[in-house]
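Working notes for the structure below.
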Amino acid sequence: MAGIDDKVKAYIASIDSSKVKKVVCFSSTAILPSSYAQVRGLLEKQNITVDKREFHCRGQFKVLHRGRPNQSDLELLRKFVEEIIPSSNDADKFV
């Protein structure tokens, strides 16, 4: 079964939950429609809050989805990040 990389799992396990307010997931996968549920499950075991919003796009694996993520995917990611990260004018609302 396809799943998230062991290095990602180890990184999540190493996170100090006292230093993390909330996590927003973004990913690229070749086979899974999203890795959100798997990542959320691991983060919640660490007592880390996970935002319901996520960004996902296809990723290349061997010949599958060749060239992905591509420039269009990166532009969609940029727009997603702009929605997630507050402007400097709104930053005080999120402290």
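The values are calculated or read from the model by the stated rules, or taken from the named source; none is laboratory data. It should be emphasised that the depicted structure is a prediction, and the values quoted were computed from it without experimental measurement. Heads up, the Cβs are rebuilt from the backbone with ideal geometry, glycines too, and the neighbour counts pull from every protein chain shown. SASA here: full protein model, heavy atoms, side chains in, ligands and nucleic acids out. Shrake-Rupley method; radii C 1.70, N 1.55, O 1.52, S 1.80 Å.
Any idea of Arg53's accessible area? Nearest 10 Å², probe 1.4 Å.
It works out to around 110 Å².
Just to be sure I understand, if you calculate log10 I(q)/I(0) by the Debye sum over Cα atoms at q = 0.14, 0.17 Å⁻¹ for this structure, which of (i) -0.62, -0.87; (ii) -0.65, -0.80; (iii) -0.41, -0.61 do you get?
For log10 I(q)/I(0) by the Debye sum over Cα atoms at q = 0.14, 0.17 Å⁻¹, the calculated option is (i).
Just the accessible area per residue of the chain, please: how many Å² with a 1.4 Å probe?
On a per-residue basis, 75 Å².
Run the numbers for Ile31 and Ile85: contour at 0.36 nm per residue of separation, minus the present Cα-Cα distance, in nm.
16.6 nm
Hey, with R₀ at 25 Å, roughly what FRET efficiency would Val23 and Val63 work out to, going by the Cβ-Cβ distance, to 0.05?
0.20
Based solely on its DSSP helices, what 222 nm [θ] is calculated for the chain when runs of n ≥ 4 H residues each add -39,500 (n - 2.57) and the sum is averaged over all residues, nearest 500 deg cm²/dmol?
Theoretical 222 nm ellipticity from helices: -10500 deg cm²/dmol.
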